[in-house]
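Only one structure is covered here, and it is reproduced in the block below.
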């Protein structure tokens, strides 16, 4: 409807311009004739000057008759220009709205759609003259729109479409919220339709529900064990030192696990908080790796593991980042390799080398590896690929690799995982040399960057 109105305005404007040119020609001829008539009647120069006051009243109707059509054309032209400017402004504003907007007439035909709607459905041709079923190929759109028109009341609904992502990087399943409302008081007036992509909101809500469910399960398990052994101590003889020692050992182990879960959850919360800043400093990556090895010394000895640092390039180990989070990254990756290979004798390599516009960092081990089917999910919260492990042997929280991924992304880096079971598992991180201007960072006191 708006495109038709704009065309009408442009057509009217063209007619007015043509009329103006004709009016100018007619007015010029009339002005010339009027001048000759004035000269014939009143003379020229001093003769006319002496009678100017008396004849002013008689001149006014002649001039008005000559110039009146030109003034009318000018008024119409001004109105048309203002209408065209208003229409252009309205169209521009509607195109900038982040929601898709449709106008549908009483026959169920689309009369207008804004630019944002086409961006929401790049694989569909949505344009004036089409019906909603021709545009969207889905009866659910039609049902909501026709309900608004036929029932003359607001209608809405949520629609999920598969294989409808705007680009290859977006989720294949998209979620849309549809709202339709009558334009007037009668069905003949048609309706407007607002379409909003709510995929991100739906995914965020699903992540929240999954996180709460998994966190509740992970917290419930150690609490159940602790409460069970407390009941054992309450009901049994406290002078049985062997039973008491065993109960206290299990309770302490699960208490530590519970504390680790809480710490990891807080770490993820901080990393996902956009208001949190990176404490940026330049430090030697080799020093960071050595500190991590020292902090995991007991576990390394228990697993009889060999940890090596590979830095074959001189001056290639200095990086800029938040040292606290890099400690967390390396601790989680090395600890994950050690705990997933309880048999011992594993070899773990921590490496770094310069790359184009940044550094390439990796942690590799020669342990049991990660099954191919688990690789796409290992960075998800609470995901554990080692399904064969019993609950008593799982000492991690299932949050370690999720923390690693988010810490790397906080530095605007990327992380990938490759695994050949029984041969090598490798986590590779690319860290850019420079952070983008919008990065939320602070410079660590007394540190260079």
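The values are calculated or read from the model by the stated rules, or taken from the named source; none is laboratory data. Everything numeric here is computed off the predicted structure, so don't read it as measured data. Neighbour counts run over all protein chains shown; Cβ positions are idealised from the backbone, glycine included.
Only one of the numbered conditions (1) over 19 Å from residue 100 (Cα atoms); (2) buried (at least 16 other Cβ atoms within 10 Å of the Cβ); (3) at pLDDT 85 or above is violated by residue 180, and that is (1). Scanning the stretch 184-204 for residues that are out of contact with any helix residue (DSSP H, G or I) (no Cβ under 8 Å at 6 or more places or on another chain), modelled with pLDDT of 80 or more and within 30 Å of residue 153 (Cα to Cα) returns 192, 194, 196, 198, 199, 200, 201, 202. Could you tell me whether any residue of the stretch 360-367 is touching a helix residue (DSSP H, G or I) at 6+ places or on another chain (Cβ under 8 Å), buried (at least 18 other Cβ atoms within 10 Å of the Cβ), within 28 Å of residue 440 (Cβ to Cβ) and at pLDDT 90 or above? Yes, that holds for at least one residue.
Table: residues versus (1) in contact with a helix residue (DSSP H, G or I) (Cβ under 7 Å, 6 or more places away or on another chain); (2) within 23 Å of residue 436 (Cβ to Cβ); (3) modelled with pLDDT of 80 or more.
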{"residue": "237", "(1), (2), (3)": "no, no, no"}
{"residue": "246", "(1), (2), (3)": "no, no, yes"}
{"residue": "255", "(1), (2), (3)": "yes, no, yes"}
{"residue": "258", "(1), (2), (3)": "yes, no, yes"}
{"residue": "273", "(1), (2), (3)": "no, yes, no"}
{"residue": "304", "(1), (2), (3)": "no, no, yes"}
{"residue": "309", "(1), (2), (3)": "yes, no, yes"}
{"residue": "313", "(1), (2), (3)": "no, no, no"}
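Annotation: residue 387 fulfils all but one of (1) buried (at least 18 other Cβ atoms within 10 Å of the Cβ); (2) modelled with pLDDT under 90; (3) farther than 16 Å from residue 260 by Cβ; the unmet one is (1). As a summary of the residue check, residue 256 satisfies the conditions (1) more than 30 Å from residue 132 (Cα to Cα); (2) in contact (Cβ under 8 Å) with a residue 24 or more places away in the chain except for the one numbered (2).
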